[in-house]
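Asks: Could you have a look at this structure, given as structure tokens, before my questions?
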Amino acid sequence: KAWEVLQAGGTSLDAVEQGCMIEEANEKGQSVGKGGLPDRDGNVTLDACIMNKHGDCGSVVYMQNVTHAISVARKVMEDTPHVMLAGKGAEQFAYEQGFKKEDLLTEASKKAWEEWKIKSEYKPIINIENHDTIGMLAIDKNGDISGACTTSGLAYKMAGRVGDSPIIGSGLFVDNEIGAAVATGLGEEVVKTVGSFLVVELMRQGKSPQEACEEAI
Ligand code: ASP
């Protein structure tokens with residue numbers, strides 16, 4: 001979808017938003033948007049952020065009942081004087097902007113949570129089987145970069161837990177002159193290193209994207 005937007009001459013900002021929206025709406029994906037695995041109390045809580053070529057950004061954290069967290073984050077960026085809205089405030093803002101209320105807990109995710117509850121073992125081990133935050137970076141025909149990141153966070157996290165994904169500099173950072181980075185993995189580790197900002201800063205110092213990522217990790 002993002003490629004389609006770019007190929008039609010659209011902006012990188014529209015490309016990353018619309019690309020992320022595909023996975024947010026995909027109920028089969030259990031790590032993003034609708035159908036995401038819940039926290040240990042059974043609540044699906046979403047984190048997302050978006051950043052444009054000017055360094056403007058918007059973010060929602062711990063938001064419930066609204067599928068397209070990335071679009072709400074974009075509205076925060078474009079229509080409020082703030083960068084980040086959390087929890088009930090973010091949800092209320094989304095309804096005011098016309099987003100509809102939806103139950104994000106699908107039968108499949110509810111079943112997985114009920115099975116998890118039998119042992120209630122919380123092991124925040126991240127591998128390709130249990131996570132997959134969507135991060136997208138795009139550069140458009142004008143050479144302008146935008147980035148977006150959206151997730152339901154770690155499965156069975158504590159109520160109130162927020163990871164790296166909605167935090168500018170940790171889950172995402174864009175500098176239109178240097179480049180951009182977006183993260184997935186164990187959010188607590190990414191927050192401790194301000195990972196995406198670090199990668200962009202290492203590229204600013206002359207490192208290649210590969211070298212910058214290796215050093216940050
Ligand atoms: N980084 C995300 C978080 O910690 C998880 C993921 O990448 O899947 O919330």
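The values are calculated or read from the model by the stated rules, or taken from the named source; none is laboratory data. As the structure is a computational prediction, the values presented were derived from the model and not from experiment. Virtual Cβ from ideal backbone geometry, glycine too; neighbours counted across all protein chains shown.
Asks: Restricting attention to the stretch 38-56, which residues are crowded, with 24+ Cβ neighbours inside 10 Å and more than 19 Å from Gly187 (Cα to Cα)?
Replies: Within the stretch 38-56, no residue meets the criteria.
Asks: What about Pro124, is it out of contact with any His (no Cβ under 8 Å at 6 or more places or on another chain), within 15 Å of the ligand (Cβ to nearest atom), at pLDDT below 95 and not β-branched (Val, Ile, Thr)? Steps first, answer last, please.
Replies: Details: out of contact with any His (no Cβ under 8 Å at 6 or more places or on another chain): yes; within 15 Å of the ligand (Cβ to nearest atom): yes; at pLDDT below 95: yes; not β-branched (Val, Ile, Thr): yes.
Criteria met by Pro124.
Asks: Within the stretch 130-217, considering only helices (runs of 4 or more DSSP H) that don't extend past its boundaries, which have at least 3 residues that are closer than 21 Å to Gly87 by Cβ and either modelled with pLDDT of 95 or more or within 14 Å of the ligand (Cβ to nearest atom) (or both)?
Replies: Numbers: elements: 187-193, 195-204, 209-216.
Correct list: 187-193.
Asks: Can you list residue pairs whose Cβ atoms sit under 6 Å apart, with the first residue in the stretch 153-168 being over 30 Å from Glu201 (Cβ atoms) and the second being more than 6 Å from the ligand (Cβ to nearest atom)? Count only pairs 6 or more apart in sequence or on different chains.
Replies: Close Cβ pairs satisfying both conditions: Ala155/Leu37; Tyr156/Arg40; Tyr156/Trp116; Tyr156/Tyr122; Ala159/Asp39; Ala159/Asp41.
Asks: Let me ask something additional. Taking the options Gly19, Gly36, Gly55, Gly10, name whichever one is small (Gly, Ala, Ser) and touching a Lys or Arg at 6+ places or on another chain (Cβ under 7 Å). Reasoning before the result, please.
Replies: Details: Gly36 fails: touching a Lys or Arg at 6+ places or on another chain (Cβ under 7 Å); Gly55 fails: touching a Lys or Arg at 6+ places or on another chain (Cβ under 7 Å); Gly10 fails: touching a Lys or Arg at 6+ places or on another chain (Cβ under 7 Å).
Answer to the check: Gly19.
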